Each structure stands twice: as C-alpha cells, then as structure tokens.
1. Give all pairs with beta carbons closer than 8 Å in which a residue from the range 81-110 that is under 21 Å from residue 25 (Cα atoms) and at pLDDT below 95 meets a residue that is in a loop (DSSP other than H, G, I, E, B) and aromatic (Phe, Trp, Tyr); count only pairs at least 6 apart in sequence or on separate chains.
2. Taking into account only those residues within the range 1-16 that are modelled with pLDDT of 95 or more and over 15 Å from residue 92 (Cβ atoms), which is surrounded by the most Cβ atoms within 10 Å (Cβ to Cβ)?
3. When you scan the range 241-257, do you find a residue that is free of Cβ contacts under 8 Å to residues at least 40 places away in the same chain, of a type in the set (Val, Ile, Thr) and open to solvent by 50 Å² or more (accessible area, probe 1.4 Å), even just one?
4. Exactly one condition in (1) at pLDDT 95 or above; (2) within 23 Å of residue 91 (Cβ to Cβ); (3) open to solvent by 50 Å² or more (accessible area, probe 1.4 Å); (4) of a type outside the set (Gly, Ala, Ser) is false for residue 269; which is it?
5. Please work out which residue is surrounded by the most Cβ atoms within 10 Å (Cβ to Cβ), limiting yourself to the range 86-113 and to residues that are assigned to a loop (DSSP other than H, G, I, E, B) and among the aliphatic types (A, V, I, L, M).
6. When you go through (1) touching a helix residue (DSSP H, G or I) at 6+ places or on another chain (Cβ under 7 Å); (2) open to solvent by 40 Å² or more (accessible area, probe 1.4 Å) one by one for residue 187, which number turns out not to apply?
7. If I go through the range 225-240 residue by residue, how many of them are closer than 23 Å to residue 283 by Cα and without any contact (Cβ under 8 Å) to a residue 24 or more places away in the chain?
8. Which residues, counting only those in the range 134-150, are part of a strand (DSSP E or B) and either farther than 22 Å from residue 118 by Cα or modelled with pLDDT under 95 (or both)?
Amino acid sequence: MIERLFFSQYRFILTPNETIQMPKYGKGNILRGAFGFSLRRLLCVVQREDKEVGCPSCQIKDRCPYALIFNPFCVVSAKRLQNPPRGYVLKPPLDKEIQYNSEKPLIFDMVLVGDRTHFFPYLIVSFNELGQKGMGLNNGKFNLTGIEIIKDNRSKPIYNFSSNTVKNIDGRIVGGEIITQAKDLKQKEIRLRFLTPTRIKYNPTREKGKAEIVRVPEFHHLIRRLRDRLNALCLTYCGGPLEIDFIGIAERARSVKTVSVNLKWIEQKRKGFHDQSGFVGEIEFQGNLVEYLPLIVAGQYLHVGEDAVFGHGWYEILKEDV
C-alpha cells in the first residue's frame, strides 16, 4: 500500500543567547513563519514581498530551493496537484512555556518527505542565519546547538555546533517499516490522541463548495483525509501514488465504529483571519482495522487535515495500543 513512502525526522535544538518569548499556543506558526522568512532571504533571487503570490509566476520556481521546499507549485503534472502539499511537517513544542533560555532550549522536530530530504542542508543554513536575526515575539537570538535524527523512538546526534559539520547517518523511515509497525498494533481496536488542533473537512455530496468542517470525526473521515494526504505526498515527493483501492478503502472504513470520544474544540486563528480551529483529545475506534493501520501509523509522522506545516493535525497512537 505505502511501500514507496519514505521520509526523515529531525530534531532541532535552538539554545537562546537571550530569552526567546513565544506564545503559549500556536508555536508552530512562529516557527514556520520564521523558517520561511529566513529561507527566502537566503535563497530567493527575486525577493518579492508576497511570495505566496510570486512563486507560481516565477521563471525559476522549478529549480529554486525556496520554492521547492516552502512553496512548491506544478511539481507534478497531475491537475489536482498543481498546488501540492508542502514536503515537510513541523512538530512544534507541545508545552505551554512562553520563555526559552540557555537553561531551557527551544526544541522541535521537522519531517522531510521523499526527495525533499536532499534539501536538509538548507535547513541548517536557514536556522543558523535565523539565529543571528532573532525569532519569537521579541526576536530573541539563538544558536543552533544540535540536530538529531529520530528513528525507532531513538535519537542520534548528527550536527556538531562547534565545527558546523554534519554526520552522514541514514535515518530514513520507509514504507516497509511503517507496515511492520502497523502489524504490531491491535487489529480490532485503536485509540488516538490528537495533540494539536486538527481541522478536517468532509464533502458528503462531492459538490463543489459543499465541504463541511468535522468537529467529531468518524473513522472514515480520518481515513479519507489520510488517504488523500499520503497519496499526494507520495506522488509529489516519492516517485508515484499509493497503490490503494481509493474508493473502496473509504467506503469500507464506514464499518469501523466509534466507541468513545473525549474531544474538545479549540478556537484558533493565524493573523486574525486564517482559521486554524480544530479538535484535540482522544477517540477510540473498533472494527476490522488491518488495511487502515499503515495509513494511521504514517499519519503519526505526517499528520492529518489542514495546516500540517504549522504542526496541526498531529496525533499519536496511545501506547497501550502498541
């Protein structure tokens, strides 16, 4: 099903030279915005003020690292993927701290999908540059003091701050490993904990403009969104689509039942107009889960729903289910 999927997860350790002030919630918005700003300053040869508009019309978008990482457009020929999902996912700090300092570094993860892993060196340069300019609500300066690669719940240091060198350690997580993890799960029940606001839309009629926000997801809602997101990432960055019965898997997912729900809705907006509201909390499902588990395991890394690049749609399979 997902054999061709592959990605790498990196942990970045930012040690402030002075206090960095961050919001209690929505730290992913700050991290993503600062990362994009730094990357554009370093790599964009045009320096348009509004890159969200500028990249699609840029004549070198097909070879510009900024566009290919942060704002890809027409990377593949499929009509529905002219504006594909970004090939990275942010996993921001989940704590409610508002100040980070030398005793409490700012630590977060980023996942690079498929061939976007080739752009990892640009992330190092970008965060080193950003450390000199500052980040957060007070533009606090910092040093990129460590990078680790995460695999099998273990981390290996790969970046030396003093020498600014990187160890060549292959920590890719591949589709076959995801399938193996899925086989170790219970096959008839699963409980998920949504860690960041998760915003899912479902269009029951498939009419244009009729998609509705889902506040309490049914199992098939999650599978539809995981199916579509993972397929788009595979097609864009991993060389081809998922090998999957697209219609059938969603319809069969309707047979899986919800047995407990403990969710709450979080109202959140970015810049006052970008609605990032979504649900967090726990939900448990029961049924024949075998064919869906690889998608669910992959979604732990790559998230589900809208705004994954900001860290939204992040969930975990509760440990007692593993």
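1. Pairs found: 96/25.
2. Quick first cut of the range 1-16, residues modelled with pLDDT of 95 or more only: 5-16.
In the following step, the residues that additionally are over 15 Å from residue 92 (Cβ atoms) were identified as 5-8, 15-16.
Working: 5: 27, 6: 22, 7: 25, 8: 21, 15: 20, 16: 24.
The selected residue is 5.
3. Start the filter on the range 241-257 by keeping residues that are free of Cβ contacts under 8 Å to residues at least 40 places away in the same chain, which leaves 241, 245-248, 250-257.
Adding the requirement that they be of a type in the set (Val, Ile, Thr) leaves 247, 256.
Now restrict to residues that are open to solvent by 50 Å² or more (accessible area, probe 1.4 Å): 247.
Yes.
4. Here residue 269 meets the rest and fails (1).
5. Residues of the range 86-113 that are assigned to a loop (DSSP other than H, G, I, E, B), as a first pass: 86-87, 92-98, 102-103, 105.
From what is left, the residues that are among the aliphatic types (A, V, I, L, M) are 94, 98.
Working: 94: 12, 98: 15.
Only one residue fits best here, namely 98.
6. (1)
7. First pass over the range 225-240, keeping only residues closer than 23 Å to residue 283 by Cα: 225-230.
Narrowing the set further to residues that are without any contact (Cβ under 8 Å) to a residue 24 or more places away in the chain leaves 228.
Residues flagged as closer than 23 Å to residue 283 by Cα and without any contact (Cβ under 8 Å) to a residue 24 or more places away in the chain within the range 225-240 amount to 1.
8. 135, 140, 142, 143
The values are calculated or read from the model by the stated rules, or taken from the named source; none is laboratory data. Because the structure is predicted, anything quoted here is derived from the model rather than measured. All Cβ positions, glycine included, derive from the backbone under ideal geometry; neighbour counts span all protein chains shown. SASA here: full protein model, heavy atoms, side chains in, ligands and nucleic acids out. Shrake-Rupley method; radii C 1.70, N 1.55, O 1.52, S 1.80 Å.
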